[in-house]
Amino acid sequence: MEFWYKFVDLTGGNNSVSLWLALFLVTGFGVAIWQGFFTVRKIQPRGFKWKTFRNEGFFAVINLVVSGLVLGGLTTYLVSSGFIETRSGPITWWMMALEYALYFFAFDTWFYWLHRWMHKEPMYKYIHKIHHYSTSPNPLTTLSVSPIESLINGGFVPLFLAAITVHEQTMMLITPTNIIMGIYVHTGHEFFPRWWNRNWATKWFITTTFHDHHHRYFRYNFGGYTTIWDHICGTVRPKFDADFERITTRRSKNEKAAEPAT
Ligand SMILES: [Zn+2]
Ligand SMILES: [Zn+2]
(Lines give C-alpha, C1' and ligand atoms only; values in the text may rest on other atoms or scores of the structure.)
(Ligands and ions follow the chains in the order given, each with its own letter.)
Protein backbone atom coordinates (compact mmCIF):
# COMPACT_ATOMS: atom_id res chain seq x y z
CA MET A 1 0.00 0.00 0.00
CA GLU A 2 2.89 2.30 0.77
CA PHE A 3 3.91 2.06 -2.86
CA TRP A 4 0.40 3.01 -3.93
CA TYR A 5 0.38 6.14 -1.70
CA LYS A 6 3.77 7.14 -3.07
CA PHE A 7 2.45 6.63 -6.58
CA VAL A 8 -0.66 8.72 -5.87
CA ASP A 9 1.58 11.42 -4.38
CA LEU A 10 3.86 11.41 -7.39
CA THR A 11 0.99 11.64 -9.82
CA GLY A 12 -0.48 14.69 -8.12
CA GLY A 13 -2.41 13.49 -5.06
CA ASN A 14 -5.69 11.64 -4.49
CA ASN A 15 -7.86 13.96 -6.53
CA SER A 16 -5.79 13.34 -9.60
CA VAL A 17 -6.38 9.58 -9.69
CA SER A 18 -9.66 10.01 -11.53
CA LEU A 19 -8.00 12.49 -13.87
CA TRP A 20 -5.28 9.96 -14.71
CA LEU A 21 -7.87 7.23 -15.17
CA ALA A 22 -9.82 9.47 -17.56
CA LEU A 23 -6.63 10.29 -19.43
CA PHE A 24 -5.82 6.58 -19.70
CA LEU A 25 -9.27 5.81 -21.14
CA VAL A 26 -9.16 8.76 -23.55
CA THR A 27 -5.71 7.64 -24.79
CA GLY A 28 -7.01 4.08 -25.22
CA PHE A 29 -9.96 5.27 -27.30
CA GLY A 30 -7.67 7.61 -29.23
CA VAL A 31 -5.30 4.78 -30.17
CA ALA A 32 -8.22 2.52 -31.17
CA ILE A 33 -9.70 5.20 -33.45
CA TRP A 34 -6.21 5.96 -34.85
CA GLN A 35 -5.66 2.26 -35.61
CA GLY A 36 -9.08 2.05 -37.21
CA PHE A 37 -8.21 5.12 -39.29
CA PHE A 38 -5.16 3.32 -40.71
CA THR A 39 -6.78 -0.11 -41.02
CA VAL A 40 -9.52 1.07 -43.40
CA ARG A 41 -6.95 2.95 -45.48
CA LYS A 42 -4.57 -0.02 -45.93
CA ILE A 43 -4.26 -0.66 -49.66
CA GLN A 44 -3.33 -4.37 -49.36
CA PRO A 45 -4.82 -5.46 -46.01
CA ARG A 46 -2.79 -8.70 -45.73
CA GLY A 47 0.30 -7.46 -47.53
CA PHE A 48 2.75 -6.88 -44.67
CA LYS A 49 5.42 -9.56 -44.10
CA TRP A 50 8.01 -9.36 -41.32
CA LYS A 51 10.61 -11.28 -43.34
CA THR A 52 10.42 -8.74 -46.19
CA PHE A 53 10.55 -5.88 -43.67
CA ARG A 54 13.73 -7.34 -42.13
CA ASN A 55 15.39 -7.68 -45.56
CA GLU A 56 14.38 -4.11 -46.38
CA GLY A 57 16.02 -2.89 -43.16
CA PHE A 58 19.24 -4.63 -44.16
CA PHE A 59 19.31 -3.10 -47.66
CA ALA A 60 18.27 0.32 -46.35
CA VAL A 61 21.37 0.48 -44.12
CA ILE A 62 23.73 -0.56 -46.95
CA ASN A 63 22.07 1.91 -49.33
CA LEU A 64 22.20 4.81 -46.86
CA VAL A 65 25.88 4.29 -46.07
CA VAL A 66 27.09 3.80 -49.67
CA SER A 67 24.91 6.32 -51.51
CA GLY A 68 25.23 8.84 -48.64
CA LEU A 69 29.02 8.75 -48.93
CA VAL A 70 29.10 8.91 -52.74
CA LEU A 71 26.35 11.53 -53.19
CA GLY A 72 27.66 13.57 -50.24
CA GLY A 73 31.17 13.49 -51.71
CA LEU A 74 29.96 14.35 -55.21
CA THR A 75 27.86 17.28 -53.96
CA THR A 76 30.68 18.62 -51.79
CA TYR A 77 33.05 18.41 -54.78
CA LEU A 78 30.59 20.16 -57.14
CA VAL A 79 29.95 22.94 -54.61
CA SER A 80 33.62 23.49 -53.74
CA SER A 81 34.69 23.54 -57.39
CA GLY A 82 31.94 26.04 -58.28
CA PHE A 83 29.76 23.77 -60.49
CA ILE A 84 26.86 24.19 -58.06
CA GLU A 85 25.92 27.65 -56.93
CA THR A 86 22.74 28.99 -55.39
CA ARG A 87 21.43 32.54 -55.71
CA SER A 88 21.01 34.38 -52.44
CA GLY A 89 18.92 37.47 -51.75
CA PRO A 90 15.19 38.13 -52.01
CA ILE A 91 12.93 36.09 -54.28
CA THR A 92 9.33 36.55 -55.44
CA TRP A 93 6.86 33.74 -54.79
CA TRP A 94 6.22 33.16 -58.51
CA MET A 95 9.97 32.83 -59.20
CA MET A 96 10.19 30.27 -56.41
CA ALA A 97 7.15 28.41 -57.83
CA LEU A 98 8.71 28.47 -61.29
CA GLU A 99 12.08 27.13 -60.11
CA TYR A 100 10.39 24.44 -58.02
CA ALA A 101 8.04 23.41 -60.86
CA LEU A 102 11.04 23.12 -63.17
CA TYR A 103 12.74 20.74 -60.74
CA PHE A 104 9.51 18.82 -60.06
CA PHE A 105 8.68 18.05 -63.71
CA ALA A 106 12.29 17.54 -64.76
CA PHE A 107 12.83 14.98 -62.00
CA ASP A 108 9.52 13.29 -62.79
CA THR A 109 10.67 12.83 -66.40
CA TRP A 110 14.11 11.60 -65.34
CA PHE A 111 12.58 9.14 -62.89
CA TYR A 112 9.93 7.75 -65.27
CA TRP A 113 12.29 6.92 -68.12
CA LEU A 114 15.13 5.57 -65.99
CA HIS A 115 12.62 3.55 -63.96
CA ARG A 116 11.29 1.95 -67.13
CA TRP A 117 14.87 1.29 -68.24
CA MET A 118 15.61 -0.39 -64.89
CA HIS A 119 12.69 -2.77 -65.49
CA LYS A 120 14.54 -4.25 -68.48
CA GLU A 121 17.02 -7.11 -68.05
CA PRO A 122 19.81 -7.21 -66.99
CA MET A 123 19.27 -3.87 -65.16
CA TYR A 124 16.28 -5.27 -63.32
CA LYS A 125 18.20 -8.24 -61.94
CA TYR A 126 21.29 -6.26 -60.91
CA ILE A 127 19.80 -2.94 -59.84
CA HIS A 128 16.04 -2.59 -59.40
CA LYS A 129 15.05 -6.02 -58.04
CA ILE A 130 15.99 -5.11 -54.45
CA HIS A 131 13.36 -2.38 -54.38
CA HIS A 132 10.73 -4.86 -55.57
CA TYR A 133 11.19 -7.37 -52.74
CA SER A 134 8.10 -5.84 -51.26
CA THR A 135 4.94 -6.40 -53.31
CA SER A 136 3.07 -4.46 -50.61
CA PRO A 137 5.27 -1.45 -49.70
CA ASN A 138 5.75 0.12 -46.28
CA PRO A 139 7.73 3.33 -45.50
CA LEU A 140 11.00 1.37 -45.15
CA THR A 141 10.65 0.23 -48.79
CA THR A 142 11.56 3.83 -49.73
CA LEU A 143 15.14 3.26 -48.59
CA SER A 144 15.40 -0.37 -49.61
CA VAL A 145 17.01 0.20 -53.01
CA SER A 146 20.35 -0.74 -54.53
CA PRO A 147 22.96 2.02 -53.94
CA ILE A 148 23.29 2.17 -57.75
CA GLU A 149 19.60 3.04 -58.06
CA SER A 150 19.99 5.65 -55.32
CA LEU A 151 22.85 7.22 -57.28
CA ILE A 152 20.80 7.20 -60.50
CA ASN A 153 17.82 8.92 -58.82
CA GLY A 154 19.69 11.00 -56.23
CA GLY A 155 22.29 12.05 -58.80
CA PHE A 156 19.62 14.11 -60.55
CA VAL A 157 19.68 16.88 -57.92
CA PRO A 158 23.40 17.80 -58.21
CA LEU A 159 23.17 17.55 -62.02
CA PHE A 160 20.08 19.76 -62.10
CA LEU A 161 21.71 22.32 -59.81
CA ALA A 162 24.88 22.31 -61.92
CA ALA A 163 22.75 23.03 -65.02
CA ILE A 164 20.37 25.57 -63.45
CA THR A 165 21.16 28.05 -60.69
CA VAL A 166 18.21 28.27 -58.33
CA HIS A 167 17.65 30.49 -55.29
CA GLU A 168 18.60 29.13 -51.88
CA GLN A 169 14.95 29.50 -50.75
CA THR A 170 13.84 27.12 -53.54
CA MET A 171 16.68 24.77 -52.55
CA MET A 172 15.08 24.41 -49.13
CA LEU A 173 11.94 23.09 -50.84
CA ILE A 174 13.80 20.87 -53.31
CA THR A 175 16.04 19.10 -50.79
CA PRO A 176 13.33 17.31 -48.75
CA THR A 177 11.02 16.61 -51.74
CA ASN A 178 12.57 13.32 -52.80
CA ILE A 179 12.45 11.73 -49.36
CA ILE A 180 8.96 13.06 -48.54
CA MET A 181 7.55 11.89 -51.88
CA GLY A 182 9.36 8.56 -51.47
CA ILE A 183 7.84 7.89 -48.06
CA TYR A 184 4.42 9.16 -49.22
CA VAL A 185 4.09 6.71 -52.12
CA HIS A 186 5.29 3.80 -49.95
CA THR A 187 3.04 4.29 -46.89
CA GLY A 188 0.83 1.38 -47.99
CA HIS A 189 -2.25 3.47 -47.09
CA GLU A 190 -4.46 5.58 -49.33
CA PHE A 191 -5.18 8.94 -47.69
CA PHE A 192 -6.67 10.75 -50.67
CA PRO A 193 -10.43 10.91 -51.23
CA ARG A 194 -12.26 9.06 -53.98
CA TRP A 195 -12.76 12.19 -56.13
CA TRP A 196 -8.97 12.70 -56.38
CA ASN A 197 -8.63 10.22 -59.21
CA ARG A 198 -11.79 11.42 -61.01
CA ASN A 199 -10.93 15.12 -61.09
CA TRP A 200 -8.94 16.21 -64.14
CA ALA A 201 -7.02 18.80 -62.06
CA THR A 202 -5.83 16.38 -59.37
CA LYS A 203 -5.56 12.97 -61.02
CA TRP A 204 -2.14 13.71 -62.53
CA PHE A 205 -0.57 13.98 -59.04
CA ILE A 206 0.52 10.51 -57.90
CA THR A 207 -1.44 8.65 -55.22
CA THR A 208 -0.02 6.00 -52.90
CA THR A 209 -2.27 3.37 -54.51
CA PHE A 210 -0.74 4.21 -57.90
CA HIS A 211 2.79 3.32 -56.78
CA ASP A 212 1.59 0.53 -54.46
CA HIS A 213 0.14 -1.16 -57.53
CA HIS A 214 3.45 -0.73 -59.34
CA HIS A 215 4.94 -2.97 -56.62
CA ARG A 216 2.06 -5.41 -56.83
CA TYR A 217 1.78 -5.73 -60.62
CA PHE A 218 5.32 -4.69 -61.79
CA ARG A 219 4.48 -3.83 -65.41
CA TYR A 220 2.51 -0.59 -64.95
CA ASN A 221 2.52 2.79 -63.14
CA PHE A 222 6.19 3.81 -63.44
CA GLY A 223 5.77 7.50 -62.48
CA GLY A 224 7.48 9.00 -59.41
CA TYR A 225 5.77 12.35 -58.74
CA THR A 226 3.05 12.41 -61.39
CA THR A 227 1.01 10.07 -63.58
CA ILE A 228 1.60 12.28 -66.66
CA TRP A 229 4.19 10.12 -68.46
CA ASP A 230 2.22 6.96 -67.68
CA HIS A 231 -0.85 8.54 -69.28
CA ILE A 232 1.13 9.73 -72.32
CA CYS A 233 2.83 6.35 -72.83
CA GLY A 234 -0.19 4.19 -71.97
CA THR A 235 1.48 2.49 -69.01
CA VAL A 236 -1.27 3.19 -66.44
CA ARG A 237 -2.61 -0.17 -65.25
CA PRO A 238 -5.94 -0.66 -67.07
CA LYS A 239 -7.79 -1.58 -63.86
CA PHE A 240 -6.23 1.21 -61.81
CA ASP A 241 -9.24 3.58 -61.86
CA ALA A 242 -11.63 0.80 -60.83
CA ASP A 243 -9.28 -0.38 -58.06
CA PHE A 244 -8.84 3.16 -56.71
CA GLU A 245 -12.63 3.47 -56.53
CA ARG A 246 -12.91 0.14 -54.71
CA ILE A 247 -10.18 0.97 -52.15
CA THR A 248 -11.55 4.43 -51.34
CA THR A 249 -15.17 3.21 -51.29
CA ARG A 250 -14.33 0.44 -48.82
CA ARG A 251 -13.17 3.21 -46.49
CA SER A 252 -16.27 5.39 -46.80
CA LYS A 253 -18.50 2.32 -46.28
CA ASN A 254 -16.56 1.46 -43.12
CA GLU A 255 -16.75 5.01 -41.86
CA LYS A 256 -20.51 5.07 -42.41
CA ALA A 257 -20.82 1.78 -40.52
CA ALA A 258 -18.79 3.20 -37.64
CA GLU A 259 -20.99 6.29 -37.33
CA PRO A 260 -23.51 6.06 -34.47
CA ALA A 261 -27.09 5.53 -35.61
CA THR A 262 -29.20 8.68 -35.37
ZN1 LIG B 1 9.89 -0.57 -60.39
ZN1 LIG C 1 8.62 1.80 -54.87
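The values are calculated or read from the model by the stated rules, or taken from the named source; none is laboratory data. No experiment lies behind these values; they were computed from the predicted model shown. Don't worry about glycine lacking a Cβ; one is built from the backbone with ideal geometry, like all the others, and counts go over all protein chains shown.
From the set of residues in the stretch 90-119 that are without any contact (Cβ under 8 Å) to a residue 12 or more places away in the chain and more than 11 Å from ligand 1 (Cβ to nearest atom), which is nearest to P158 (Cα to Cα)?
Just the residues of the stretch 90-119 that are without any contact (Cβ under 8 Å) to a residue 12 or more places away in the chain, to begin with: 90, 92-94, 97-98, 101, 117.
Next, from what is left, pick out any that are more than 11 Å from ligand 1 (Cβ to nearest atom): 90, 92-94, 97-98, 101.
On the way: P90: 23, T92: 24, W93: 23, W94: 23, A97: 19, L98: 18, A101: 17 Å.
Within the stretch 90-119, the match that is nearest to P158 (Cα to Cα) is A101.
Going by what's in this entry, would L98 be described as more than 30 Å from T170 (Cα to Cα) and more than 21 Å from the chain's Cα centre (by Cα)?
no
How do the pairs read when you match residues in the stretch 225-244 that are farther than 18 Å from T202 by Cβ with residues anywhere that are among the polar types (S, T, N, Q), using Cβ under 6 Å and keeping only pairs 6 or more apart or on different chains?
Close Cβ pairs satisfying both conditions: R237/N221.
If R116 satisfies all but one of (1) farther than 20 Å from I228 by Cβ; (2) part of a helix (DSSP H, G or I); (3) within 15 Å of ligand 2 (Cβ to nearest atom), what's the number of the condition it fails?
Looking at each condition in turn, R116 falls short on (1).
Among the residues of the stretch 131-151, which ones are buried (at least 19 other Cβ atoms within 10 Å of the Cβ) and more than 17 Å from E190 (Cβ to Cβ)?
Listed by number, the residues that qualify are H131, L143, S144, V145, S146, P147, E149, S150.
Determine if the stretch 192-200 includes at least one residue that is under 25 Å from V145 (Cβ atoms) and either surrounded by 15 or more Cβ atoms within 10 Å (Cβ to Cβ) or within 16 Å of ligand 1 (Cβ to nearest atom) (or both). Don't jump to the end; show me each part of the working.
Here is the first cut: in the stretch 192-200, the residues under 25 Å from V145 (Cβ atoms) are 192.
Remaining after also requiring either surrounded by 15 or more Cβ atoms within 10 Å (Cβ to Cβ) or within 16 Å of ligand 1 (Cβ to nearest atom) (or both): 192.
Yes: one or more hits.
Does the stretch 157-216 hold any residues that are farther than 26 Å from D241 by Cα, in contact with a Phe, Trp or Tyr (Cβ under 7 Å, 6 or more places away or on another chain) and without any contact (Cβ under 8 Å) to a residue 60 or more places away in the chain, and which are they?
Residue satisfying the conditions is F160 alone.
Can you give me the number of residues within the stretch 128-137 that are at pLDDT 90 or above and either closer than 17 Å to G72 by Cβ or more than 8 Å from ligand 2 (Cβ to nearest atom) (or both)?
The number of residues fulfilling the criteria is 3.
Please find, within the stretch 206-252, the residue that is modelled with the lowest pLDDT out of those that are more than 15 Å from ligand 2 (Cβ to nearest atom) and of a type in the set (D, E, K, R).
Ranking the qualifying residues of the stretch 206-252, first place goes to R251.
I need the full set of residues from the stretch 119-172 which are assigned to a loop (DSSP other than H, G, I, E, B) and closer than 23 Å to K51 by Cβ, in order please.
Quick first cut of the stretch 119-172, residues assigned to a loop (DSSP other than H, G, I, E, B) only: 119-122, 133-138, 143-146, 155, 164-166.
Selection gives Y133, S134, T135, S136, P137, N138, L143, S144, V145, S146.
Applying the selection to the stretch 71-84, what residues are out of contact with any helix residue (DSSP H, G or I) (no Cβ under 8 Å at 6 or more places or on another chain) and not small (G, A, S)? Reasoning before the result, please.
Step one: list which residues in the stretch 71-84 are out of contact with any helix residue (DSSP H, G or I) (no Cβ under 8 Å at 6 or more places or on another chain), which gives 72-73, 76-77, 79-82.
Once the filter is applied, which keeps residues that are out of contact with any helix residue (DSSP H, G or I) (no Cβ under 8 Å at 6 or more places or on another chain) and not small (G, A, S), the stretch 71-84 yields T76, Y77, V79.
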